[in-house]
Amino acid sequence: MAYSDKVVDHYNNPRNVGTLDKSSEEVGTGLVGAPECGDVMRLQIRVNPETQVIEEAKFKTFGCGSAIASSSLATEWVKGKTIAEAMEIKNTDIVKELALPPVKIHCSVLAEDAIRAAIGDWKKKNGVAETVAVAAN
Amino acid sequence: MNHCTSCQKALEGSWLVCADCGAVQSDSTIDFFQALGHERRFGIDTAALEREFHRLSRRLHPDRFARASAEEQQNSLAATALLNDAWRTLRDPVSRLEYLLKLEGHAVGEEHAGKGKSAERQPPSDLLEEVFELNVQLEELRMSQKMGEAADGAVVKDLAATGVRFESMLQAVDDALAAESAKWDTGAAEARTEAATRMIQLLDRRRYLQNLVRDVHETLGAAA
Ligand code: FES
Ligand SMILES: [Zn+2]
């Protein structure tokens, strides 16, 4: 399968590969899998408790090139966003940016799932209810 | 029930060829079970099916139609291709499962990409943790292999043990799949729906285990 240039770029130079301290209050961890193929992805965010801005994001993906590119892109996108803004990221945005073909759509779904799982974990740790809207700065 | 396009008699056995007049049928909507003349069910006698496959292969072989009309040649080619796909799919228990579930209108594997909410897509989190951790270990081992370092005996032993454990988990999934498919084969509509739902979940789980067992073997094979 031919990958787009952007996928190849993220694949060869993945941004933000790594690990954040899982036990930190400020860190949210999302560990998700794609049942379509059995690939797994972990995405972590470190959130500023005052501003709710995501200041750092790391990922580790065991999966195909599109999954690696999707998670690499996802970490780039969430950085600097507030929790509320990051929740707005859709897998379709990733599909568009990376020009993923239909059979690779689930790889971008995996990245969206990972963002949501990481945010959900952070919210749970910090006692933030899912429905509470975050005030704009 | 389907009828021969040539002699109009009801087709018996494979729907690809008329047992009565010998005409090869040109119907691309025939499913893989119909192609092999087998009832639509999970449980099959593979050896018997293989014999039927070979018999039909000879029967439909394009060489036999070298002197036939262009249309008949075309039909024999198409029927042979369909027959090969059918046999390749139905001989393997897992691809047979996936195929039959799809045939019954269920979304399996790739097809539920993008649908379904995150929560219901995810396997139990302890399985995910384990899968992830094992992947990390495998990666470390591969890295040190690349650097030309001698593999740490303890690490290799540990991985081999984990590999065996995952293999038995895979076996447990396969046993559960066999049990559910037997329920489907013998059950009424409602029991069938329940069995199908469980089989789809089991197949999802199976893909994670399958990947790991494969990776453990590959990595340990290189370490040996
Ligand atoms: S093929 Fe499954 S995540 Fe890409
Ligand atoms: Zn006939």
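Couple of notes before you dig in:
- Inspection of region B:194-204 finds a residue satisfying the criterion of being closer than 30 Å to B:His106 by Cβ, in the same structural domain as B:Pro123 (by TED's automatic domain parsing) and among the basic types (Lys, Arg).
- Residue match in region A:102-111 (condition: surrounded by fewer than 24 Cβ atoms within 10 Å (Cβ to Cβ) and not in a helix (DSSP H, G or I)): no
- Subset of region A:63-94 (residues that are β-branched (Val, Ile, Thr), within 14 Å of chain B (Cβ to nearest Cβ) and touching a residue at least 24 places away in the same chain (Cβ under 8 Å)): A:Ile68, A:Ile89, A:Ile94
- Filtering region B:80-109 to residues that are open to solvent by 40 Å² or more (accessible area, probe 1.4 Å) and within 14 Å of chain A (Cβ to nearest Cβ) leaves B:Glu98, B:Lys102, B:His106, B:Ala107.
- B:Gly43 fulfils the conditions (1) over 22 Å from B:Arg192 (Cβ atoms); (2) among the small types (Gly, Ala, Ser); (3) at pLDDT 95 or above; (4) open to solvent by less than 40 Å² (accessible area, probe 1.4 Å) except for a single criterion, (1).
- Among the residues of region A:1-33, those identified as under 19 Å from A:Trp77 (Cβ atoms), in contact (Cβ under 8 Å) with a residue 40 or more places away in the chain and polar (S, T, N, Q) are A:Ser4, A:Asn16, A:Thr29.
- Hey, B:Gly114 at positive phi, modelled with pLDDT under 80 and surrounded by 15 or more Cβ atoms within 10 Å (Cβ to Cβ) or not: yes
- Test result for B:Arg59, assigned to a helix (DSSP H, G or I) and either out of contact with any helix residue (DSSP H, G or I) (no Cβ under 8 Å at 6 or more places or on another chain) or of a type in the set (Ser, Thr, Tyr) (or both): yes
- Test: residue in region B:20-34 that is more than 14 Å from chain A (Cβ to nearest Cβ), away from ligand 1 (no atom under 16 Å from the Cβ), farther than 17 Å from B:Leu100 by Cβ and in contact with a Lys or Arg (Cβ under 6 Å, 6 or more places away or on another chain): yes
- Some residue of region B:24-43 being in contact with a Pro (Cβ under 9 Å, 6 or more places away or on another chain) and either of a type in the set (A, V, I, L, M) or in the same structural domain as B:Ala78 (by TED's automatic domain parsing) (or both): yes
- Under the condition of being part of a helix (DSSP H, G or I) and surrounded by fewer than 18 Cβ atoms within 10 Å (Cβ to Cβ), the residues counted in region A:1-51 number 6.
- Qualifying residue in region B:46-68 (condition: open to solvent by less than 30 Å² (accessible area, probe 1.4 Å), touching a residue at least 12 places away in the same chain (Cβ under 8 Å) and more than 25 Å from the chain's Cα centre (by Cα)): yes
- From B:Glu190, B:Glu218, residue being open to solvent by 70 Å² or more (accessible area, probe 1.4 Å) and within 14 Å of chain A (Cβ to nearest Cβ): B:Glu218
- For region B:153-177, the candidate set comprises residues that are within 17 Å of the chain's Cα centre (by Cα) and surrounded by 14 or more Cβ atoms within 10 Å (Cβ to Cβ); within that set, the residue that is nearest to B:Asn135 (Cα to Cα) is B:Leu170.
- Among (1) under 13 Å from A:Ser71 (Cα atoms); (2) within 14 Å of chain B (Cβ to nearest Cβ); (3) surrounded by fewer than 23 Cβ atoms within 10 Å (Cβ to Cβ) - the single one A:Glu97 does not satisfy: (2)
- Number of positions in region A:52-75 that are among the β-branched types (Val, Ile, Thr) and open to solvent by 10 Å² or more (accessible area, probe 1.4 Å): 3
- For A:Val78: the one exception among (1) open to solvent by 60 Å² or more (accessible area, probe 1.4 Å); (2) modelled with pLDDT of 95 or more: (1)
- Looking across region B:1-21, the residues that are in contact (Cβ under 8 Å) with a residue 24 or more places away in the chain and outside any strand (DSSP E or B) come down to B:Asn2, B:Glu12, B:Gly13, B:Ser14, B:Leu16.
- Members of region B:1-29 found to be within 18 Å of B:Leu90 (Cα to Cα) and either buried (at least 21 other Cβ atoms within 10 Å of the Cβ) or near ligand 2 (Cβ under 8 Å from one of its atoms) (or both), listed by number: B:Ser14, B:Trp15, B:Leu16
The values are calculated or read from the model by the stated rules, or taken from the named source; none is laboratory data. Bear in mind that the values here come from a model prediction, so they are computed numbers and not experimental data. Methodologically, a virtual Cβ is constructed for each residue, glycine included, from the backbone with ideal geometry; neighbour enumeration extends over all protein chains shown. These accessible areas exclude ligands, DNA and RNA; they are computed on the full protein's heavy atoms, side chains included. Shrake-Rupley method; radii C 1.70, N 1.55, O 1.52, S 1.80 Å.
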